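Novice: Structure in structure tokens, see below.
The values are calculated or read from the model by the stated rules, or taken from the named source; none is laboratory data. Since the structure is predicted, the reported quantities are computational estimates derived from the model, not experimental observations. Here Cβ is always computed from backbone atoms with ideal geometry, including for glycine, and neighbour counts include all displayed protein chains.
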Ligand SMILES: Nc1ncnc2c1ncn2[C@@H]1O[C@H](COP(=O)(O)OP(=O)(O)OP(=O)(O)O)[C@@H](O)[C@H]1O
Ligand SMILES: [Mg+2]
């Protein structure tokens, strides 16, 4: 599926303008994390405002997944703070006391995660998968949750699959259930870790299209991806990491056309087709 020319860049730019005075939803301040001698994150600070779509790019092993895992405290940072919607993650505000498991679960409920592997419950239908967390984590009424889950599944194009079991779905369909499941918790922010990298190339576009429409509807998202064309079109900001550090943070048009550092230029060179290497990202045919 070709997503190249569908999004008028004016829409994206208008959205970026709106972010200028929007609320911070995610604030990472001075995050460091080591595994033994391996310093995976070095003093990473990053603020994501309401309605922003931040695409987090960087070479394999540079710490992107670890950074997302620090946001929801699946990894505990060695240093630094994480705030989601002004609430401190992992540690009780104003103290150094660790949150209890119940407090942590409540904090995590504000963060939607979509992983490379979908991890749906195999014994539950698509609809039940989407209903599971709002019912059992938030304790919300079943009928209300069912209605919302139906609407979410319609929104991700799966109205016809509500009663199917995950084993009957394609990878792209499973991933769209994963997105609906994350949305069902009404999170303040959605974190995506390479949501399309395990998919057959034919199925990537249907998942990216759902993510693109979420961006246009104003969802706040951090997306780790190697889909450069998607990042160029949909990101309100690109954050480039290398060796555990944030190296660049820029609007996509600037990052892709004029990366400021040799490391970013080197990274981008690996993705560029001959046409793109000439600086033409428009999707127009290459001159003869
Ligand atoms: N639980 C862990 N224990 C030990 N080392 C880890 C752990 N998780 C990650 N690492 C190491 O941290 C470094 C960064 O890994 P991470 O998965 O964050 O990179 P990444 O940028 O997401 O890479 P990729 O693009 O390949 O997914 C790697 O050297 C990895 O081996
Ligand atoms: Mg990763």
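Novice: State the number of residues belonging to the stretch 172-214 that are free of Cβ contacts under 8 Å to residues at least 60 places away in the same chain and surrounded by fewer than 18 Cβ atoms within 10 Å (Cβ to Cβ).
Specialist: 4
Novice: Just name the residue that is farthest from ligand 1 (Cβ to nearest atom) out of those in the stretch 24-58 that are assigned to a loop (DSSP other than H, G, I, E, B) and more than 21 Å from residue 234 (Cβ to Cβ).
Specialist: Ranking the candidates gives 37 first.
Novice: With 177, 204 as the choices, which residue is away from ligand 2 (no atom under 16 Å from the Cβ), in a helix (DSSP H, G or I) and assigned by TED's automatic domain parsing to the domain that holds residue 140?
Specialist: Of 177, 204, the one residue that is away from ligand 2 (no atom under 16 Å from the Cβ), in a helix (DSSP H, G or I) and assigned by TED's automatic domain parsing to the domain that holds residue 140 is 177.
Novice: While we're here: Please give the number of the condition residue 106 fails out of (1) surrounded by 13 or more Cβ atoms within 10 Å (Cβ to Cβ); (2) at pLDDT 95 or above.
Specialist: (2)
Novice: With respect to the numbered conditions (1) more than 23 Å from residue 203 (Cα to Cα); (2) surrounded by fewer than 17 Cβ atoms within 10 Å (Cβ to Cβ), which one is the sole condition not fulfilled by residue 151?
Specialist: (1)
Novice: Considering only the stretch 78-103, how many residues are within 16 Å of ligand 1 (Cβ to nearest atom) and either modelled with pLDDT under 95 or under 21 Å from residue 220 (Cβ atoms) (or both)?
Specialist: Qualifying residue count, the stretch 78-103: 2.
Novice: Moving to a separate point now. Take the residues of the stretch 63-79 that are more than 9 Å from ligand 2 (Cβ to nearest atom) and assigned to a loop (DSSP other than H, G, I, E, B): which is nearest to residue 22 (Cα to Cα)?
Specialist: For the stretch 63-79, the residue satisfying everything is 72.
Novice: Would you check which residues across the stretch 80-93 are touching a helix residue (DSSP H, G or I) at 6+ places or on another chain (Cβ under 9 Å) and not in a strand (DSSP E or B) and list them?
Specialist: 89, 90, 92
Novice: What is the residue count in the stretch 215-230 for residues that are over 11 Å from the mean Cα position of the chain (by Cα) and surrounded by 19 or more Cβ atoms within 10 Å (Cβ to Cβ)?
Specialist: Count: 3.
Novice: Between 119, 133, which is over 16 Å from the mean Cα position of the chain (by Cα), closer than 23 Å to residue 219 by Cα and within 16 Å of ligand 2 (Cβ to nearest atom)?
Specialist: Checking each option against the conditions leaves just 119.
Novice: Taking residue 168 as meeting all but one of (1) surrounded by fewer than 18 Cβ atoms within 10 Å (Cβ to Cβ); (2) closer than 15 Å to residue 112 by Cβ, write down the number of the exception.
Specialist: (2)
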